[in-house]
1. Per 0.36 nm of contour for each residue apart, how much would the distance between K54 and K75 grow if the chain were fully extended, relative to their Cα-Cα spacing?
2. So what's the net charge close to K92: Lys and Arg +1, Asp and Glu -1, counting the other residues with Cβ under 13 Å from its Cβ?
3. For I57, list long-range residues whose amide hydrogen, built 1.01 Å from N in the peptide plane, is under 5 Å from its own amide hydrogen.
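Just so it is clear, none of the values below were taken in a lab; they were calculated from the coordinates. Computed from a predicted structure; not experimentally measured. Don't worry about glycine lacking a Cβ; one is built from the backbone with ideal geometry, like all the others, and counts go over all protein chains shown.
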Amino acid sequence: MMRKASRHVKYIVGDLLKRWETSSVKKAGAVRDAFSKAVSEEVKGRARPVSFKKGTIMVIVESSPWLYRLTLEKKNIIEKFNRNYTGRSKAKDIRFRIGEMDEE
C-alpha cells in the first residue's frame, strides 16, 4: 500500500511542478512583451526586465546614464506596461539595476 501511495504523491508533485514552470514561463514572456511595448527601440537594447514580483518590475540596465534616464521615465513606463501586460496584477514600481545585458 505504501508503494502505491508514494507513486501517487510523486505524480501529484510532478504535475504541480509542471504547471508552476509553465505558468512562470508564460508570465516571463508576458512581462518581457509588455516591457518591450512600454519602451522605445533605443531602450530595448539597453534594458531588460528580469522579474516581476509583488507589483515591482526589476530591470537590468547597461549603465548608470541609462539607469538615470529610465528612472526619470519610470511613471510613463509603468503606465504603458500596465496597458500592455496581460497578467492579473499590475505594476506599481520599477527598480533599475546596472548589470550584464546578456540573456540568462
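1. On the way: separation 21, 0.36 × 21 = 7.56 nm, distance 1.72 nm.
My answer for the length gained is 5.8 nm.
2. Numbers: positive: K53, K54, K74, K75, K90, R95; negative: E79, D93.
Net local charge, K92 excluded: +4.
3. The list, which skips near neighbours in sequence, is K92, D93, I94, R95.
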